[in-house]
Amino acid sequence: MVSLERIARALGSSQLELLAGGDDTTSTLVRAAEGTRGHYGEGEARMLVHGTRSFHPMEFRGSNQSAGDYFVHDEDEFIHVVEGSVEVDLGEQGVSVLVEGDSLYYVGGTPHRWRALEPGGYRLFVVKEKPEQL
């Protein structure tokens, strides 16, 4: 899994997206207990679609108090805070605090990372454009 993480980062993707891309299911319905799950950044995510699609919506949960390394990829990304609050660091573009109901969109190539501002963690709805390499 460590090697897969390195490969995914080199491609500007994640382990989860690489694994989910192999799902050839044509179904668009994903029940609450379904969806490819796995490590994503500093937390865990669940893909909310099957297979390779034009964008990757996912549910992301984390409790990391440290933002960790910056992630940079070519695809645009949108995040919406469902529960908790997060500090989002967009490098030179600055730092924003997002609380439940807040959303943020940033273009591809933007360094980004986030961290929990509360001990209970957070839950995000994240939508990322389909990586061109997959």
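The values are calculated or read from the model by the stated rules, or taken from the named source; none is laboratory data. What you are looking at is a predicted structure, and each value in this text was computed from that prediction instead of being measured. Counting neighbours? That spans all protein chains shown, and the Cβs are built from the backbone with ideal geometry, glycine included. Side chains included, ligands, DNA and RNA excluded: accessible areas come from the protein's heavy atoms. Shrake-Rupley method; radii C 1.70, N 1.55, O 1.52, S 1.80 Å.
Within region 40-65, track down each residue that is open to solvent by less than 60 Å² (accessible area, probe 1.4 Å) and not in a strand (DSSP E or B). Before the answer, list the steps.
Initial filter on region 40-65 (open to solvent by less than 60 Å² (accessible area, probe 1.4 Å)): 40-41, 43, 45-52, 56-60, 62, 64.
Those that are open to solvent by less than 60 Å² (accessible area, probe 1.4 Å) and not in a strand (DSSP E or B): G41, L48, V49, H50, G51, T52, N64.
Please specify each residue of region 66-102 satisfying the condition of being part of a strand (DSSP E or B), farther than 14 Å from V126 by Cβ and open to solvent by 40 Å² or more (accessible area, probe 1.4 Å). Steps first, answer last, please.
Narrowing region 66-102 to residues part of a strand (DSSP E or B): 71, 77-83, 85-89, 95-99.
With the extra rule that they be farther than 14 Å from V126 by Cβ, the set shrinks to 85, 87, 89, 95-97, 99.
Those that are part of a strand (DSSP E or B), farther than 14 Å from V126 by Cβ and open to solvent by 40 Å² or more (accessible area, probe 1.4 Å): E87, V95, S96, V97, V99.
Go through region 103-134 and give me each residue that's assigned to a loop (DSSP other than H, G, I, E, B) and either open to solvent by less than 60 Å² (accessible area, probe 1.4 Å) or at positive phi (or both). Don't jump to the end; show me each part of the working.
Within region 103-134, the subset assigned to a loop (DSSP other than H, G, I, E, B) is 107-111, 117-121, 130-134.
G108, G109, T110, P111, G121, P131, listed by residue number.
Could you list, in sequence order, all residues of region 102-120 that are free of Cβ contacts under 8 Å to residues at least 40 places away in the same chain and within 13 Å of D89 (Cα to Cα)? Don't jump to the end; show me each part of the working.
Here is the first cut: in region 102-120, the ones free of Cβ contacts under 8 Å to residues at least 40 places away in the same chain are 102-110, 117-118.
Matches in region 102-120: L104, Y105, Y106, T110, L117.
Could you say which residue among V126, V88 is of a type in the set (A, V, I, L, M) and in contact (Cβ under 8 Å) with a residue 60 or more places away in the chain?
When all the criteria are applied, what remains is V126.
Residue by residue through region 7-35, note down the ones that are at pLDDT 85 or above and either under 13 Å from the mean Cα position of the chain (by Cα) or open to solvent by less than 40 Å² (accessible area, probe 1.4 Å) (or both).
Answer for region 7-35, where residues must be at pLDDT 85 or above and either under 13 Å from the mean Cα position of the chain (by Cα) or open to solvent by less than 40 Å² (accessible area, probe 1.4 Å) (or both): V30, G35.
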